[in-house]
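Laboratory data are not the source of any read-out in this text; all were calculated from the coordinates shown. All values derive from a computational prediction rather than experimental measurement. Here the Cβ is made from the backbone with ideal geometry for all residues, glycine too, and neighbour counts use every protein chain on show.
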Amino acid sequence: MVGRKLKWSPQARSELRDIIAFYNRRNGSNAYGIKLGNLIDEKVRLYFMNPEWGQMQGLFQRRSFVCEKFQIFYRFTETEFEVIKVWDPRRNPKDLKLE
């Protein structure tokens with residue numbers, strides 16, 4: 001873990017912003033969006049420290065974990081931990097595209 005950097009792909013960052021914005025609009029308050037963003041960030045940092053914990057996803061050397069209702073996909077090397085997708089599994093699985 002020494003020297004490993006945490007990185008969010010532009011796609012994952014955009015998806016998280018969209019999810020938070022949706023809940024802020026729906027609830028008429030930023031409270032849940034802030035709570036959700038903090039919870040996801042906390043969980044990402046936990047998996048950053050222990051990247052082998054995530055469940056392997058297919059042949060693409062991707063891993064994932066669930067936080068609240070969302071599945072967080074990531075990949076890691078000795079030098080980098082990258083969040084690549086924030087996915088709501090209630091969506092059509094045919095729409096799930098990983099880099």
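When Tyr74, Tyr32, Tyr47 are arranged by Cβ crowding within 10 Å, least crowded first, meaning fewest neighbours, the order is Tyr32, Tyr47, Tyr74.
Of the residues Ile72, Ile34, the one with the fewest other Cβ atoms within 10 Å heads the list, and the complete ranking is Ile34, Ile72.
Ordering Phe76, Phe48 by the number of other Cβ atoms within 10 Å of each residue's own Cβ, fewest first, gives Phe48, Phe76.
Entry for the chain at q = 0.10, 0.12 Å⁻¹: log10 I(q)/I(0) = -0.27, -0.39, Debye formula applied to identical alpha-carbon scatterers, no solvent contribution. Placing unit charges on each Cβ (+1 for Lys and Arg, -1 for Asp and Glu) gives the chain a dipole about its Cα centre, and among Ser29, Ile72, Leu6 the Cα reaching farthest toward its positive end belongs to Ser29.
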